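The values are calculated or read from the model by the stated rules, or taken from the named source; none is laboratory data. Since the structure is predicted, the reported quantities are computational estimates derived from the model, not experimental observations. Virtual Cβ from ideal backbone geometry, glycine too; neighbours counted across all protein chains shown. Just so you know, the surface numbers come from the protein's heavy atoms only, side chains and all, with ligands and any DNA or RNA stripped out. Shrake-Rupley method; radii C 1.70, N 1.55, O 1.52, S 1.80 Å.
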Amino acid sequence: MTAKSRSISTTRQYFGTDGIRGRVGRPPITPDFVLRLGMAAGRILAERFEDPAVLIGKDTRVSGYMLEAALEAGFSSAGVNVVLAGPMPTPAIAYLAKTLRMSAGVVISASHNPFEDNGIKFFDGQGEKLADAVELEIEAALDGPLVCADPQMLGKARRLNDAAGRYIEFCKSTFPQHLSLRGLRLVVDTAHGAAYHVAADVFHELGAEVIPMGHQPDGFNINKDVGATAPNAMVELVKQLGADYGVALDGDGDRIVMCDRQGRVFNGDELLFAIVKQRAKQMGVTALGGVVGTLMSNLALEQAVENMGLEFRRAKVGDRYVLEMLKETGWLCGGESSGHILCLDRHTTGDGIVSALQVLAAVVQAEQTLAQYISELSLFPQVLVNVALTQDQMQRWQKDQGFLTSQKQAQDQLGKAGRMLVRASGTEPLVRVMVESSSAETAQTTAEALAQRLSSI
């Protein structure tokens, strides 16, 4: 996509690493801004497509009603037809936008954040995250005049009533036809989020006995003490019921955490390794090529992947950057320790349900438990501390000489037995301090000392 007569800045004002996100009622997550966002994005689509149409989905936040209406009005006023899917996981909108030949897909969600937050994510017509250049075009259009289309050119809106069924069948199609989940008892935690009405059905229809939890959204309880960012409730239920595994998604269904009957929690690095190991056996090391992680990926994952004869590369934090590197290399598998996992031979974007199915297929086929299957991977202790900073602190922390000195001293002390990473969040006013070491105590004390120093700048 290219702009016609707009001056395109290279500086982002609204878009972060995963769309636009913030607290509802505060700029930019206000109905008037979202209306303008729909008009701006719609104007660009109307310039490029003869009969533009956009698919809109959302998670279960109460603010979704308001923002959905504003987006619908914005797109319609720009002459773009709108298809409303209702509450659906983010990866479902990516899939449906592609299969329905939409011009774009839009998700109203703040992912793992509490209900007070919300956000807007865009996908292109191929089900991939919108390119940086197109996001910048939308920002440029937002700064210009936005005029309603002539009455005869206004877009129409309709509901997609079978969205859930379409997506359930897609997820099932990513699981090997010759395998089933019969004999497995699964706790499936959907975080009172967008997957509340689809995830359990996927696993059940593949043969598993499913105990759902976090499946009663009320608009306010999304991610509250449940889901991938709060797996303790799932762990306790798995142990209480003697289930084989627990599967926890986040509020928009694009990330995953799992646990076994002993209560061991498996993060994204471990689940990615299980998938890669199975793919390498199926396809061969040469065909698979390599694996993409991020700057946050555990050093042990890198070493284990290389021990398999595969190359390992690190992208910037954010699944969009993992995807970019996968496309550059032609590789298929990558992900983040947070649970965003990409299997490009199955989907165009990270999908928690699809990722869980790939892990379960690996252990079912191997007739091993997940712990047995990934026994050669032993993660280094890794401590992550989020430090909330003021706007002024966010602007100057990277140049603070005292903190830079503390960072260098910490890395010198870690030596080759560990590493550290300090980075700003792409979606929140936070700086994330990660320390990894062969010693858990060293990782903890180093991270806490850096976080304390950072908060005092």
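Structure above, values below:
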quantity	calculated
First in the range 56-67 and closer than 14 Å to Asp254 by Cα, second anywhere and at pLDDT 95 or above and β-branched (Val, Ile, Thr), Cβ under 6 Å, 6 or more apart	Gly57/Ile93; Gly57/Val107; Lys58/Ile108
Residue in the range 165-176 that is farther than 25 Å from Asp345 by Cβ and open to solvent by 10 Å² or more (accessible area, probe 1.4 Å) present	no
Residue under evaluation Pro381, criteria (1) buried (at least 21 other Cβ atoms within 10 Å of the Cβ); (2) under 23 Å from Arg255 (Cβ atoms), criterion not met	(1)
Positions within the range 367-406 being part of a helix (DSSP H, G or I), over 23 Å from Glu428 (Cβ atoms) and within 28 Å of the chain's Cα centre (by Cα), in sequence order	Leu370, Ala371, Gln372, Tyr373
Residue, most open to solvent (accessible area, probe 1.4 Å), within the range 407-456, restricted to residues that are of a type in the set (Asp, Glu) and not in a helix (DSSP H, G or I)	Glu428
Subset of the range 32-58 [outside any helix (DSSP H, G or I) and either in contact with a Ser or Thr (Cβ under 8 Å, 6 or more places away or on another chain) or open to solvent by less than 10 Å² (accessible area, probe 1.4 Å) (or both)]	Phe49, Pro52, Ala53, Val54, Leu55, Ile56, Gly57, Lys58
Residue that is farthest from Ala46 (Cα to Cα) [pool: residues in the range 105-130 that are open to solvent by less than 10 Å² (accessible area, probe 1.4 Å) and aliphatic (A, V, I, L, M)]	Ala110
Entirely in the range 205-264, the strands (runs of 3 or more DSSP E) that have 3 or more residues that are crowded, with 23+ Cβ neighbours inside 10 Å	245-249, 256-260
Any chance Ala94 is over 20 Å from Glu324 (Cα atoms), touching a residue at least 24 places away in the same chain (Cβ under 8 Å) and surrounded by 24 or more Cβ atoms within 10 Å (Cβ to Cβ)	no
Residue in the range 131-153 that is free of Cβ contacts under 8 Å to residues at least 24 places away in the same chain, of a type in the set (S, T, N, Q) and open to solvent by 10 Å² or more (accessible area, probe 1.4 Å) present	yes
Residue match in the range 326-334 (condition: in contact (Cβ under 8 Å) with a residue 12 or more places away in the chain, under 30 Å from Ala200 (Cβ atoms), within 21 Å of the chain's Cα centre (by Cα) and open to solvent by 10 Å² or more (accessible area, probe 1.4 Å))	yes
Residue within the range 277-290 that is within 24 Å of Val383 (Cβ to Cβ), part of a helix (DSSP H, G or I) and open to solvent by less than 40 Å² (accessible area, probe 1.4 Å) present	no
Filter result (open to solvent by less than 50 Å² (accessible area, probe 1.4 Å) and aliphatic (A, V, I, L, M)) within the range 291-307	Val291, Val292, Met296, Leu299, Ala300, Leu301, Ala304, Val305
Some residue of the range 163-170 being in contact (Cβ under 8 Å) with a residue 60 or more places away in the chain, closer than 21 Å to Thr369 by Cα, outside any loop (DSSP other than H, G, I, E, B) and touching a strand residue (DSSP E or B) at 6+ places or on another chain (Cβ under 7 Å)	no
Selected residue [of a type in the set (A, V, I, L, M) and assigned to a loop (DSSP other than H, G, I, E, B)] from Ile29, Ile93	Ile29
Residue in the range 66-88 that is assigned to a loop (DSSP other than H, G, I, E, B) and touching a Lys or Arg at 6+ places or on another chain (Cβ under 6 Å) present	yes
Positions within the range 393-402 being open to solvent by less than 60 Å² (accessible area, probe 1.4 Å) and closer than 24 Å to Ser297 by Cβ, in sequence order	Trp397
Breaking point among (1) in contact with a helix residue (DSSP H, G or I) (Cβ under 8 Å, 6 or more places away or on another chain); (2) over 23 Å from Cys343 (Cβ atoms), for Val147	(1)
Number of the exception - Gly251 against (1) under 26 Å from Trp331 (Cα atoms); (2) in contact with an Asp or Glu (Cβ under 6 Å, 6 or more places away or on another chain)	(1)
